[in-house]
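S.K.: Mind looking over this structure? Questions follow.
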Amino acid sequence: MAALDKPQIIIHVQKSLNFTLFDCRWVPCSARLVCLGSTARGTGALQVYEVTQGQLNLVTETEKAKPLKCATFGAASLQQRHLATGDFDGNMSIWNLEATSLPVYTVKGHTEIINCIDGVGGLGVGEGAPEIVTGSRDGTVKVWDPRQKDVPVANMEPVEGENKRDCWTVAFGHAHTQAERCVCAGYDNGDIKLFDLRTMSTRWETNIKNGVCSVEFDRRDISMNKLVATTLEGKFHVFDMRTQHPKRGFASLTEKAHKSTVWLVRHLPQNRDIFMTTGGSGNLNLWKYEYPAQRSRKDDDGHEAGVTGSVSLLQNMTVASQPVAGLDWSPDKQGLCACTAFDQTLRVLIVTKLGRM
Amino acid sequence: MASAAQAKAVELQLQMRHNAEDLHDFLRDMEAWEGDIKIRDAQLRGAQAGGDAASAQNLPPVRNKDLRRKKRKKIDNTASDCIENGVKHGKSEARIKSCDYSAWDKFDVEKAAAEADRGSTPECETEEDEDEEVAEQKQYEELRAKQQALIEKDKGNEYFKTGDYDAANDCYTRGMEADPHNALLPANRAMAFLKLKKYELAESDCNLAIQLDPSYPKAFARRGAARLALNKLKEAREDFEAVLTFDPVNKQAIAELKKIKEMIEKTAKSGASQTSVTTPRQDAAGIRESTSVSVTTLKPEAAETEPSNVVQPFTRQPHLRSKKPLRRMTIEQVGSDMQPKMVQSVEGTGLNAEGVHTPPLPPQPPPPAAQPQPSSAGVRDCGKEEKKVQASVKVADGEEAEATGGAVVGDEGDTRRHGNRRVTGSEQPGVILSVAARDEGRTQQRLPNTQKGTPMTSDLAQTVSVPPPPSNSFQLESDLRQLKGRPNLLYQYIKQIAPIAFPQIMQQPLEPDVLYKLLNVLKESYIPHEDKALIFAVLHNLSLVRRFDMAVMFMSTTEKAVARALFDHIASAEDISGASVTALKTKYSL
């Protein structure tokens, strides 16, 4: 690729905060973003900032009893834009950002910390009911419907007697009709499980030998296309989810991305083949996936098997001295993204030339 | 070699320039985007209040809803199985052969007993857990309701700012339903009522707010404003003084107090030596017309009249007396339980002092000159009420007339003078009151015979007639006040009201004391005289009145005892199903 076409990653604004940041999310249809984390005295912090002409202005600030680990707008309607959060105590809560004193919905869903959360069915994207999935250290993955109080609509837990593995990441996908919907979960022992919510069964599982830090479908609202899973020791895997071989499952490629843990993967909302990975040393890598000429071929037994393409690094950039644990692309403005690192700094980044990729 | 290096340098420069341009473009683009998106954001935020319901439709049902129910049953079953197994298991372990003495020596009886106890408790524990869960749920529910109330309040405030007071009222009302303990909501609604010039409603809302939070100065200030508008100067003054105790430098309160002081002085100067607080009656909708009379606009003649509570003696030669048959006048005691009123003439406004019925006033020639000019004091405009007033005027025979002396007047011209003046300080009231007492005794004796719906209009001894059935809650309230301490009349009065009519009459929120009065009547008079189905019907219809649950909440233990007695009474009725009685009972929070 010509050097001229390389996207640049530029820090637009950065703001040092006085609490540990775990996650940040753009409020849909706005120039506001929510960041959350844990204060020094062990309480939860929830702040809303607005980007105004190269500045981050604090809009609202709330303190909660327990540190907040993760958040999503995925299940919220555009009218309401309620934020779903998971906290250290296992509570899943939904907040109205206009009145954060009390949650709109709250449930003690897990006995231990909720590591990860994802939502689907909101924002006018995808089909079906609004649902939120949470993964926790207690080994369970639960799916919640904000219309149903107290009990999850689906609960995926290890079989009695099996070890409970820490679930580090969950992601929704395959929500292309009202009935179809999949949840993918990654565990600390390298397990990746794909649950089919329509049939209420495990559709596929694999082990990538290293703790799975983050999984994400390239799109939640289409028939499964690609899945990226990042691992503890610096590699990430890209699975082609179009063709499932009865024995070998989904075809995948592995790429060494960082010299340290790959904390996160986030696909660009405006282009599903471009994604960013964040590293344990504070660097960001921007990748592009190239499809192969043929996405599947018949093997000797006559079964269809997937064919992987290739990934190329578009740009890398070190933005922080500590791991980048939270990153979110703005759904409304291509190339705008926000990230939080453990150096207690919130950054708004600009990635240029994405439109020309 | 050199040219290659040069080419590279040029390319690098070009790239840098490109990048700078790109970034510049992006930033400029972003500035425009920021502006656009903020507008959209604000629109969405504004629409947030309304557009929730529409999007909730077209959604598929909650996943696995039926499965969950089945599962729960299954879990219940397995749980009970576990318990049984546990008990069995424990038994088999504890089994020691009777001949194994050494084992029996080691046997720890206490431990076994403790284990036995434990074996029997798990069920209770799970129940406790469930109770806790339910309690937690309730807590959340309450929190949610409170949150909802706050949201409604904010929405209401928004409407209020835009001047849409009716919409604001609706919001506040919804908020009050969600959280009846929040003093802010009634206080805010009172403000909206003030703006709508519904002063009585504003006052009652302020009363509620003060009941909920007696340390909320704004509620006092608003009540003061409402009372000022209702011409209750003294009470208004008290309210503003209360505001000053919370906030000694409140400018509004100081200004209003000054104004009230001036007004009071003015009325005092204008010659009205008696207490000069008037309460104009509102019309059915509770809206005070802008023509309402304030003290400052009092007509001079009204103010100048001599005290209306003095009955002037009069004499007339027998031959001058009227030859017309005597008519009985209703004489009422006014002011024993109400605040003193200055009788005032209000012409053509349809205003009418509470519950006082006066005879119609046909045009009459002026009375004899010996009498002081009958002023308009004591005369109410009663055009609308002519009919019912006539009903309450009884024609008495001569004997009765002699017995009641001055209360019975010879002709209509005299009626005008003596009609409804307060009877105090003369020798007549004693006579009348004793008569009244005697007659009441008689009506009580007679009651069992006449109870079946015969109105006692023919009972000439009745000094206070039963008012006609009320058409709105204000009338009901004032009638109740008027009939206080006359259980028979109260009974007849309430009896006139069809049970179904209660929710219709009481368009205004139900006041706790009204409810209590009604319940008391039911208990005192309905239980002995009426059948249970009617009592049930009345109780049921009362429960449909607005803000009934609030009134129930304020019931004291004695008041609850009254309600309980009623329910005990109707519980034995055959024609009412037990379920409906218990359902109603829960409504009365018994």
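The values are calculated or read from the model by the stated rules, or taken from the named source; none is laboratory data. This is a predicted model, so every value here is computed, not measured. Here the Cβ positions follow ideal geometry from the backbone for every residue, glycine too, while neighbour counts run over all protein chains shown. For accessibility, only protein heavy atoms count, side chains too; no ligands or nucleic acids. Shrake-Rupley method; radii C 1.70, N 1.55, O 1.52, S 1.80 Å.
S.K.: Give me the 1.4 Å probe accessible area per residue for the range B:162-226, excluding ligands and nucleic acids, in Å².
M.R.: Averaged over the residues of the range B:162-226, the accessible area is 37 Å².
S.K.: In whole percent, what relative contact order does chain A give with Cα contacts below 8 Å and a gap of six or more residues?
M.R.: Relative contact order here is 14 percent.
S.K.: While we're on this one: Most mobile of A:VAL153, A:VAL170, A:VAL59 per a Gaussian network model of chain A (Cα springs, under 10 Å)?
M.R.: Looking only at A:VAL153, A:VAL170, A:VAL59, the largest GNM fluctuation is found for A:VAL59.
S.K.: Normalised by the residues of the range B:154-226, what does the relative contact order come to in percent, with Cα pairs under 8 Å and at least six apart?
M.R.: For the range B:154-226, the relative contact order is 25 percent.
S.K.: Here's a follow-up. Using θ = phi - 60° and the Karplus form 6.51 cos²θ - 1.76 cosθ + 1.60, what ³J(HN,Hα) does each residue of the range B:257-267 get, whole Hz, x for Gly and Pro?
M.R.: 4, 4, 4, 4, 4, 4, 5, 5, 4, 4, 5
S.K.: Right, something else. Would you kindly enumerate the cysteines in chain A that have no other Cys beta-carbon under 4.7 Å from their beta-carbon?
M.R.: Taking the Cβ cut-off of 4.7 Å, the unpaired cysteines of chain A are A:CYS29, A:CYS70, A:CYS116, A:CYS167, A:CYS182, A:CYS184, A:CYS213, A:CYS337, A:CYS339.
S.K.: Over 20 Å between Cα atoms: which of B:LYS38/B:LYS161; B:LYS153/B:LYS259; A:LYS226/A:LYS288; B:LYS495/B:LYS523; B:LYS153/B:LYS234; B:LYS232/B:LYS266 fall into that group?
M.R.: The answer is B:LYS38/B:LYS161; B:LYS153/B:LYS259; B:LYS153/B:LYS234.
S.K.: Still on this structure, please answer the following. Taking all protein chains in place and a 1.4 Å probe, what share, in percent, of the accessible surface of the range B:459-590 do carbon and sulfur account for?
M.R.: 56
S.K.: Still on this structure: Using the Karplus equation 6.51 cos²θ - 1.76 cosθ + 1.60 (θ = phi - 60°), what ³J(HN,Hα) coupling, rounded to whole Hz, does each residue of the range A:250-255 give in order, writing x for Gly and Pro?
M.R.: Couplings: 9, 6, 9, 10, 10, 9 Hz.
S.K.: What is the percent carbon and sulfur in the accessible area of chain A, measuring with a 1.4 Å probe over the protein chains and ignoring ligands?
M.R.: Roughly 44 percent, rounded to a whole number.
S.K.: What is the mean number of Cβ atoms from other protein chains located within 10 Å of the Cβ atom of each residue in peptide B:31-41, rounded to a whole number?
M.R.: 5
S.K.: Any idea of the accessible area per residue across the range A:184-237, 1.4 Å probe, to the nearest Å²?
M.R.: Heavy-atom SASA per residue in the range A:184-237 reads 33 Å².
S.K.: On to the next question. Starting at the first residue of the range A:114-122, write each ³J(HN,Hα) from the Karplus equation 6.51 cos²θ - 1.76 cosθ + 1.60 with θ = phi - 60°, in whole Hz, x for Gly and Pro.
M.R.: Rounded to whole hertz, the list is 8, 7, 8, 8, 8, x, 8, x, x.
S.K.: List the residues of the range A:4-37 for which accessible area in the full set of protein chains is at least 10 Å² lower than for the chain on its own; 1.4 Å probe, protein heavy atoms only.
M.R.: Checking the loss per residue gives A:LEU4, A:GLN8, A:ILE10, A:HIS12, A:CYS29, A:SER30, A:ALA31, A:ARG32.
S.K.: Follow-up. Counting only other chains, and only Cβ atoms inside 10 Å, what mean value do you get across the residues of A:52-63?
M.R.: 1
S.K.: To the nearest 100 Å², how much accessible surface do chains A and B cover up together, summed over both, with a 1.4 Å probe?
M.R.: 4300
S.K.: Compute the distance in nm between two label points, each set 7 Å from the Cα along the Cα-to-Cβ direction, one at B:HIS24 and one at B:SER580.
M.R.: So the label points at B:HIS24 and B:SER580 sit 8.4 nm apart.
S.K.: Next question. What distance in nm lies between label points placed 7 Å from Cα along the C-beta direction at A:ARG272 and A:GLU162?
M.R.: If labels sit at A:ARG272 and A:GLU162, their model points lie 2.9 nm apart.
S.K.: Moving on to the next point. With a point put 7 Å past each Cα toward its Cβ, work out how far B:ALA42 is from B:VAL62 in nm, to one decimal.
M.R.: 3.9
S.K.: First measure r as the distance between the Cβ atoms of B:GLU177 and A:THR62, then evaluate 1/(1 + (r/R0)^6) with R0 = 35 Å and state the FRET efficiency to the nearest 0.05.
M.R.: My answer for the efficiency is 0.80.
S.K.: May I pose another question? Accessible area drop of at least 30 Å² (1.4 Å probe, protein heavy atoms): which residues of the range A:119-159 qualify, relative to the chain alone?
M.R.: Listed in order, they are A:ARG147, A:GLN148, A:LYS149, A:ASP150, A:VAL151, A:VAL153.
S.K.: Which of rounded, prolate, oblate describes chain A, given a ≥ b ≥ c as roots of the alpha-carbon gyration tensor eigenvalues and a/c under 1.5 marking rounded, otherwise prolate only if a/b is larger than b/c?
M.R.: Oblate is the answer for chain A, as a/c is 1.5 or above yet b/c matches or exceeds a/b.
S.K.: In a Gaussian network model over chain A where Cα atoms closer than 10 Å are linked, find which of A:SER281, A:SER310, A:SER260 has the largest mean-square fluctuation.
M.R.: Checking each option, the largest mean-square fluctuation is seen for A:SER310.
S.K.: Other chains near A:350-357: what is the mean number of their Cβ atoms within 10 Å of each residue's Cβ?
M.R.: Across A:350-357, the average partner-chain Cβ count within 10 Å equals 3.
S.K.: Follow-up. Connecting C-alpha atoms closer than 10 Å in a GNM of chain A, tell me which of A:ILE132, A:ILE11, A:ILE114 has the biggest fluctuation.
M.R.: A:ILE11
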